[in-house]
Amino acid sequence: MKYLFPFSLVKQGSDVVLYGAGYVGYDYYRQVLISGYCKTVLWVDKQYQWYQDLGMPVFSPESLFETYYDVIVIAVKEERTYLAIKKWLNGRGVLEEKIIWHVVNEWQCDIAPKYDKERIIRESKTAFIVDPKMFLSPDRLDLVIRLRYARDLINNHKGSESEMLYEKLIRTLPDEEEPTYDYMMAYFTGYSQKHGIESFKQSYADLIHSMVLSGFSNEDFVPIDVHNQLINGAHRIAAAIALGEKVWVRKYNFDGFHYDFSARFLLENGFDINDVDSILKELEDLTHAVL
């Protein structure tokens, strides 16, 4: 667990509504359940359908108006998110003294729940095939970078410009590792959990080798949200484009998952303007070919 429940602000034995089911809420829920310090009478989040799909007992925020509670603990990290939730609650008649939030401090290690094999097999039955180029967009320039490196891996070109750009891309990730601190992301990292540039490079090479030998199985599906945005699986998408393969995807009932790998992001993270222009040009060529 990484985030500590605000025990000092909640009276022992209280009936608590927990608002927020992300990485903070997930830790809060487990601590309350394990400690027995108070009782979570309801766990709510705007994305409740997504969390229910993951098997979590999360419900619509509207449910709290039909539930008896002593306090509402808002389980979010960002103050602006807390203020938006508080404003909504106040507008629905919830008293100020019923709402609890405190500045979240990180501690111990992060969470990394497993996406087990049994569930992968079960959910693969509702996967479907798409053209991986559909995920190319100006906000996902990382796919072009991964695609370039995939081509060189396929052709066994080492020390290439694409490899250097790929390494620079990985350096934009916190601690050069997959973001398993978020329950939504961690849920899908059963496919791999990479740390460090060499780990990413080796994992990508292994992935491409496997796809060349065995193709792309429906059990290797890529998770997407309701707007057809990638939740995870960027390497699989880029490798499939490089190999001219279709991909299996499965849609999850989550609204609003978003990555920013735009030109602005790249320029703010050490990429040269000429490299960014070249990446944008290739994106244009690739998307034009799709049209």
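The values are calculated or read from the model by the stated rules, or taken from the named source; none is laboratory data. On a predicted model such as this, the values are computed, not experimentally measured, just so you know. Note that we place each Cβ from the backbone using ideal geometry, even for glycine, and neighbour counts take in every protein chain shown.
Evaluation of Ser63 against the conditions (1) closer than 30 Å to Arg250 by Cα; (2) buried (at least 19 other Cβ atoms within 10 Å of the Cβ) shows that the sole unmet condition is (2). Residues in the stretch 124-162 that are in contact with a helix residue (DSSP H, G or I) (Cβ under 6 Å, 6 or more places away or on another chain), surrounded by fewer than 22 Cβ atoms within 10 Å (Cβ to Cβ) and not hydrophobic (A, V, I, L, M, F, W, C): 7 in all. In the stretch 197-271, counting only helices (runs of 4 or more DSSP H) that sit wholly within it, the ones holding 3 or more residues that are in contact with a Pro (Cβ under 9 Å, 6 or more places away or on another chain) and modelled with pLDDT of 85 or more span 234-243. Got a number for residues in the stretch 132-162 being without any contact (Cβ under 8 Å) to a residue 24 or more places away in the chain, among the charged types (D, E, K, R) and part of a helix (DSSP H, G or I)? Qualifying residue count for the region: 2.
Can you tell me how many residues within the stretch 38-51 are farther than 15 Å from Thr81 by Cβ, surrounded by 16 or more Cβ atoms within 10 Å (Cβ to Cβ) and of a type outside the set (A, V, I, L, M, F, W, C)?
Residues that pass the stated criteria total 4.
Of all residues in the stretch 19-40, how many are in a loop (DSSP other than H, G, I, E, B) and aliphatic (A, V, I, L, M)?
At the first step, the residues of the stretch 19-40 found to be in a loop (DSSP other than H, G, I, E, B) are 20-22, 36-38.
Subset that is aliphatic (A, V, I, L, M): 21.
The qualifying residues number 1.
Somewhere in the stretch 6-18, is a residue part of a strand (DSSP E or B), modelled with pLDDT under 95 and buried (at least 21 other Cβ atoms within 10 Å of the Cβ)?
Filtering the stretch 6-18 for residues part of a strand (DSSP E or B) gives 15-18.
Checking which are modelled with pLDDT under 95 leaves us with none.
Checked the stretch 6-18: no residue is part of a strand (DSSP E or B), modelled with pLDDT under 95 and buried (at least 21 other Cβ atoms within 10 Å of the Cβ).
Report whether or not Ser14 is touching a residue at least 40 places away in the same chain (Cβ under 8 Å) and out of contact with any Gly (no Cβ under 7 Å at 6 or more places or on another chain).
Working: touching a residue at least 40 places away in the same chain (Cβ under 8 Å): yes; out of contact with any Gly (no Cβ under 7 Å at 6 or more places or on another chain): yes.
Criteria met by Ser14.
Considering each of Ile74, Ile34 in turn, give the residue that is aliphatic (A, V, I, L, M) and at pLDDT 90 or above. Talk me through it step by step, then tell me what you get.
Details: Ile34 fails: at pLDDT 90 or above.
Result: Ile74 is the single residue among Ile74, Ile34 that is aliphatic (A, V, I, L, M) and at pLDDT 90 or above.
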